[in-house]
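First comes the structure, then the notes that go with it.
The values are calculated or read from the model by the stated rules, or taken from the named source; none is laboratory data. Just so it is clear, the model here is predicted, and its values are computed rather than measured. Cβ atoms come from the backbone with ideal geometry, glycine included; neighbour counts cover every protein chain shown. For accessibility, only protein heavy atoms count, side chains too; no ligands or nucleic acids. Shrake-Rupley method; radii C 1.70, N 1.55, O 1.52, S 1.80 Å.
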Amino acid sequence: MRGPLIVLVFVLGLLGACRSGPLTAADRPEPALAAIQTALEAVVARADAERGVHWVHGWDGNDAVKESGEDGTVMGYCWHWQERVLAEMAAPVRAEGWDLVRININRGWFSEHHAVAVWDPERIDRDRILREPRAPVWVLDPWLHGRPEIYALADWLAIPVIVFEPAGLEVPGSP
């Protein structure tokens with residue numbers, strides 16, 4: 001019975017991903033998000049153009065990484081994207097006066113997912129981010145579709161149909 005349950009949860013998860021989409025240029029509520037979007041587009045373009053490494057995305061991408069033997073020639077687990085986005089977006093995000101942090105949901109479960117959250121620290125403190133999901137916080141997440149997508153935090157949190165483990169922020173140096 002466990003196999004059919006996992007398949008059902010997976011299918012529901014895919015359907016749920018259609019519920020809450022990324023922001024479009026027309027619905028970006030913050031001027032700083034335009035610069036952050038441009039920088040994120042550059043990160044994804046550099047990954048796509050990287051020689052010797054094929055960047056993949058989504059659940060199929062996870063399979064491709066596994067099939068490659070995880071030798072570094074195929075990258076694309078959500079945490080690979082998270083680390084790349086975090087490293088390359090720190091300077092552009094901070095140039096806007098904003099901050100960024102690793103974020104995850106369903107940590108420790110088969111549907112675990114990682115991305116990067118950004119926000120204006122003048123408007124919300126880091127310790128309030130997950131207590132106020134409608135606050136002005138956005139998630140940079142190119143993993144799902146392989147595109148430079150930005151989600152409102154509340155929309156990103158709604159993507160999983162079933163939440164086994166609530167979202168968490170990852171402090172530097174945490175596993």
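In table form, for the structure just shown:
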item	result
Candidates per GluC sites (Glu not before Pro) in the stretch 48-92, loop by DSSP, up to 15 other Cβ within 10 Å	GLU50, GLU70
Sites GLU132 and THR38 - FRET efficiency at Förster radius 25 Å, r taken between beta-carbons, to 0.05	0.40
Whether the stretch 120-175 is rounded, prolate or oblate, judged on the alpha carbon gyration tensor where a/c under 1.5 counts as rounded	rounded
Axial C-alpha extent at least 18 Å, average Kyte-Doolittle at least 1.6 - helices from the chain (DSSP)	2-17
In Å², nearest 10: area of ASP155 left accessible to a 1.4 Å probe	50 Å²
Of the chymotrypsin sites (Phe, Trp or Tyr not before Pro) in the stretch 21-124, those whose Cβ has at most 11 other Cβ within 10 Å and which sit in DSSP loop	PHE110
P(r) tail fraction, the stretch 51-102 - alpha-carbon pairs more than 19 Å apart, %	37 percent
Within the stretch 72-143, trypsin sites (Lys or Arg not before Pro) in DSSP loop having at most 13 other beta-carbon neighbours inside 10 Å	ARG123, ARG131, ARG134
Value in Å of the Kirkwood radius, where the stretch 43-175 supplies the Cα pairs that are averaged	15.3 Å
Extension gain from LEU169 to ALA154, taking 0.36 nm per residue of separation minus the Cα-Cα distance	3.9 nm
Two-site FRET efficiency, TRP59 against GLU83, from Cβ-Cβ distance with R₀ of 22 Å, rounded to 0.05	0.70
Computed accessible area, MET75, all protein chains, 1.4 angstrom probe, square angstrom	50 Å²
Portion, in percent, of the accessible area of the chain that falls on carbon or sulfur, probe 1.4 Å	58 percent
